[in-house]
Amino acid sequence: MNTDSLQKILTQFVLDAAAYELEPIHHGLINDTYLVTKEGLPLYVLQRINHEVFKSIDQLMQNIDSALSYLGSSDYARLEIVKTIHGKTYYTKNQMHWRLITYIEDSTTYNTTTDTTIAFETGRIIGKFHYLLKSANTTSFVDSIPQFHDLQLREKQFQTALKNALPKKQKLAKDAILFAKNSIPNFKEIPKKLLPIRVCHNDTKLNNILFSKKDHKALCLIDLDTIMNGYFYYDFGDAIRTLANAAREDETDLAKITFNIDLFQSFVKGLASIPAFLKQVEIENLAIGAVYMPFIHGLRALTDYLNNNAYYKVTYENQNLDRCLSLFRFSALAQEQIPVMQTILLKNVFSD
C-alpha cells in the first residue's frame, strides 16, 4: 500500500485532524501492520486483516472487542479499538479490512530473551490475562480459526499435503516427516474432556507481549486475532516455545536450539504470582503442553512447506522447513524436560 492510500484509510477512523505518518512493521507473518505516528510520537497501530486466514472479520472483531472489555487493570495496560466514522470496529474497502488500535507509550517487544526478569514478567502477564478473562462467557466467543490447535485437523492436513507434495520436497523433508509421524500418537492422550474451556489468546509467542522500556514490566498481550476458546496449556506451551529458547524460529543450526530451564522456572514463578485460577488437572498437563505447542506449530510449518508455502510468509524457499525442524527440535528437548517441568509446576502453581 502506498502512503496516499493508507492516509485515506486513516480518514475513515475517528481521529483528531493531524498530519499522521505511517511506517511498516515487518515482524508479523499474517497481517500487514503499520505504526501511526504524529511528529515522531507513536499513537496507533493500523492493520490490514488477512481475510484469507480469517474468514469472518465480524466474528474476529467481536471476539477482540468482547475480550478488551475485560482486559484492563492497574497491572494490565488497556488497549482500545478506534471506531470508524460509522461506529464500526473495522473499515472495509475493496475487499480489504482495516482496524486501528491504540499504541501503548514507551513499550517494546522481544523476539527472544535470556533475562529471567523478562521470563517472570511473561508468566505474570499471561496469568493476568487469563485471570481477568476467567469470568468471561466462553459461549459468546466464536472460533476465528476453527480447530486452530486441533491435532486431528492438523494431522489430516499434513497427510493430505504429504500425499500431494513434490517428490523432491518429500525427500528433503524426510527427517521431519518421520518425526511428525512418530510424535503424533504421543499427544492423543491429553485429557481434553477433563480440562475447562477458557478464553485464550492462542498465540502467546514472546513478541506478542508488550513490555515497558523503563522497567521491563510486562504491559499486555497484543495481536489479538486468535482470541477464542481453547485450553490453558495452549497459551502456556506457546509461550514456553519462544521464551525458553533463545534461537530464531527458523534457526538452521539445530545445536543452537536449547531449553533453558531457568527461564522456564522464572516464567512459572511469574504465573504463580497471580491469584490461583487453574484447576489441578490443568496444572498436571502443562508440561505436555510445552511439548505439544512447538510440535503443532512445527507440523503446520511442515504442512505449509509441502503445500508450497501457501499460508505463512517466507523470504526464501525452504524457510518453512527450517521453521519446522527448529520447532521439532525444541519439542524433542521439551519432552526430555517433562519430569523437571512437572516438579517445578507442582511446587509453585496451586489450583483454584
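Within the stretch 76-102, which residues are open to solvent by 60 Å² or more (accessible area, probe 1.4 Å), modelled with pLDDT of 95 or more and of a type outside the set (Lys, Arg)?
80, 85, 86
Which pairs turn up if I take residues in the stretch 104-119 that are more than 27 Å from residue 41 (Cα to Cα) and open to solvent by 40 Å² or more (accessible area, probe 1.4 Å) and look for partners that are part of a helix (DSSP H, G or I) and at pLDDT 95 or above with beta carbon separation below 7 Å, at least 6 apart in sequence or on another chain?
Close Cβ pairs (under 7 Å, with a partner that is part of a helix (DSSP H, G or I) and at pLDDT 95 or above) amount to 116/262; 116/263; 116/266.
Of all the helices (runs of 4 or more DSSP H) wholly in the stretch 204-295, which have at least 1 residues that are of a type outside the set (Asp, Glu), closer than 29 Å to residue 46 by Cα and at pLDDT 95 or above? Talk me through it step by step, then tell me what you get.
Values: elements: 232-243, 261-272, 280-284.
Because the criterion is at least 1 residues that are of a type outside the set (Asp, Glu), closer than 29 Å to residue 46 by Cα and at pLDDT 95 or above, the helices (runs of 4 or more DSSP H) in the stretch 204-295 that meet it are 232-243.
Give the residues of the stretch 248-263 that are surrounded by fewer than 17 Cβ atoms within 10 Å (Cβ to Cβ) and either over 21 Å from the mean Cα position of the chain (by Cα) or not charged (D, E, K, R) (or both), sorted by residue number.
Of everything in the stretch 248-263, those that are surrounded by fewer than 17 Cβ atoms within 10 Å (Cβ to Cβ) and either over 21 Å from the mean Cα position of the chain (by Cα) or not charged (D, E, K, R) (or both) turn out to be 252, 253, 254, 255, 256, 258, 261, 262.
Taking the condition over 23 Å from residue 226 (Cα atoms), assigned to a strand (DSSP E or B) and either out of contact with any Lys or Arg (no Cβ under 7 Å at 6 or more places or on another chain) or not aliphatic (A, V, I, L, M) (or both), does residue 33 pass?
No: the conditions fail for residue 33.
Which of the residues that make up the stretch 178-218 are exposed (fewer than 15 other Cβ atoms within 10 Å of the Cβ), free of Cβ contacts under 8 Å to residues at least 60 places away in the same chain and charged (D, E, K, R)?
181, 188, 189, 192, 193, 215
Determine if the stretch 264-280 includes at least one residue that is closer than 23 Å to residue 347 by Cβ, hydrophobic (A, V, I, L, M, F, W, C) and open to solvent by 30 Å² or more (accessible area, probe 1.4 Å).
The initial filter retains those residues of the stretch 264-280 that are closer than 23 Å to residue 347 by Cβ, namely 264-280.
From what is left, the residues that are hydrophobic (A, V, I, L, M, F, W, C) are 264, 267-268, 271-272, 274, 276-278.
Narrowing further to those that are open to solvent by 30 Å² or more (accessible area, probe 1.4 Å): 272, 276.
Yes, the conditions are met somewhere in the stretch 264-280.
Among the candidates 119, 136, which residue alone is assigned to a loop (DSSP other than H, G, I, E, B) and in contact with a Phe, Trp or Tyr (Cβ under 6 Å, 6 or more places away or on another chain)?
Working: 119 fails: assigned to a loop (DSSP other than H, G, I, E, B).
That would be 136, the only listed residue that is assigned to a loop (DSSP other than H, G, I, E, B) and in contact with a Phe, Trp or Tyr (Cβ under 6 Å, 6 or more places away or on another chain).
Restricting to the stretch 240-288, name every residue that is of a type in the set (Lys, Arg) and touching a residue at least 60 places away in the same chain (Cβ under 8 Å).
Selection gives 241, 248, 269, 279.
How many of the residues in the stretch 318-352 are touching a residue at least 24 places away in the same chain (Cβ under 8 Å) and basic (Lys, Arg)?
2
For the stretch 129-165, how many residues are free of Cβ contacts under 8 Å to residues at least 12 places away in the same chain and either buried (at least 18 other Cβ atoms within 10 Å of the Cβ) or over 18 Å from residue 231 (Cβ atoms) (or both)?
Result for the stretch 129-165: 4.
Go through 78, 99 for me and flag whichever is farther than 30 Å from residue 258 by Cα, of a type outside the set (Val, Ile, Thr), part of a loop (DSSP other than H, G, I, E, B) and touching a residue at least 40 places away in the same chain (Cβ under 8 Å).
Being farther than 30 Å from residue 258 by Cα, of a type outside the set (Val, Ile, Thr), part of a loop (DSSP other than H, G, I, E, B) and touching a residue at least 40 places away in the same chain (Cβ under 8 Å) holds for just one of 78, 99, which is 78.
So which residues in the stretch 316-352 are assigned to a loop (DSSP other than H, G, I, E, B) and farther than 21 Å from residue 161 by Cα, if there are any at all?
337, 349, 350, 351, 352
What is the one condition in (1) open to solvent by less than 30 Å² (accessible area, probe 1.4 Å); (2) modelled with pLDDT under 95 that residue 39 does not satisfy?
Every condition holds for residue 39 apart from (1).
Going through the stretch 300-352 one residue at a time, which ones are open to solvent by less than 40 Å² (accessible area, probe 1.4 Å) and among the basic types (Lys, Arg)?
300, 323
The values are calculated or read from the model by the stated rules, or taken from the named source; none is laboratory data. Fair warning: this is a prediction, and the values are worked out from it, not measured in the lab. Here Cβ is always computed from backbone atoms with ideal geometry, including for glycine, and neighbour counts include all displayed protein chains. The accessibility values were calculated without ligands, DNA or RNA, using every heavy atom of the protein model including side chains. Shrake-Rupley method; radii C 1.70, N 1.55, O 1.52, S 1.80 Å.
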